[in-house]
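Only the coordinates and a few stated rules stand behind these numbers; no lab work does. Since the model is a prediction, treat every value here as computed from it, not as a measurement. Counting neighbours? That spans all protein chains shown, and the Cβs are built from the backbone with ideal geometry, glycine included.
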Amino acid sequence: MKALLQRVTQARVEVGGEVVGSIDQGLLVLVGIEPQDDRATADKLLQRLLKYRVFNDADGRMNCSVQDVQGGLLLVSQFTLAADTRKGLRPGFSTAATPAAAEQLFSYLLAQARHAHAAVASGRFGADMQVHLINDGPVTFLLEV
């Protein structure tokens, strides 16, 4: 499982001109699901997302997590993160989970996130989404679990 997390001052996801998920300060997380991923992988990723220290403390150091700052968590499924880009000029998607398996695992991740954290929003699985964000820093990390 791969997660591209971005520290944001605000972010939103639109589908067909309708806002389906939005947050103010927090983390926008693009999630790529691979065939070997399971619920244990999702649980491990969620714990890292909630505890990962990317927000500044009083001294300006990245010592605070999204939980510490009571920020939002916006989860967006993005199968292209699981693409094989090692060779050629076109990505291959045999390294991504099937849509059915990915949707089930993403739904699980989202439910667990909503249970563990107060401010959670999401995009719409499989939809053509427009993601708007103001990256704070910019601060962007790729987590692989």
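Around Ala101, with a cut-off of 12 angstrom between Cβ atoms, what is the net charge of the other residues, counting Lys and Arg +1 and Asp and Glu -1? Please report the intermediate quantities before stating the final value.
Values: positive: Arg39; negative: Glu34, Asp37, Asp38, Glu103.
So the environment of Ala101 carries a net charge of -3.
Tell me, Leu110, Leu89, Leu142 in order of fewest to most beta-carbon neighbours within 10 Å? Intermediate values should be presented prior to the final figure.
On the way: Leu110 21, Leu89 5, Leu142 11.
Ranked by crowding around the Cβ, least crowded first: Leu89, Leu142, Leu110.
From the helices alone, meaning DSSP H stretches of at least four residues, give me the mean residue ellipticity at 222 nm for the chain, per-run term -39500 (n - 2.57), in deg cm²/dmol to the nearest 500.
Numbers: 2 runs with 31 residues, N = 145.
Theoretical 222 nm ellipticity from helices: -7000 deg cm²/dmol.
Taking the chain as the reference, fit the longest principal axis to its C-alpha atoms, fit the long axis of helix 99-116 to the helix C-alpha atoms, and give the angle between the two in degrees, 0 to 90, nearest 10.
20
Which whole-number percentage describes the relative contact order of the chain, with Cα contacts under 8 Å and a sequence gap of 6 or more? Intermediate results must be reported in sequence, preceding the final value.
On the way: 311 pairs, mean separation 56.5, N = 145.
Once divided by the residue count of the chain, the mean separation gives 39 percent.
If Lys and Arg each add +1 and Asp and Glu each add -1, what is the summed charge of the other residues whose beta carbon sits under 11 Å from the beta carbon of Ile33? Numbers along the way, then the final one.
Numbers: positive: Lys2; negative: Glu34, Asp37, Asp38, Glu103.
Combined, the nearby Lys, Arg, Asp and Glu give -3.
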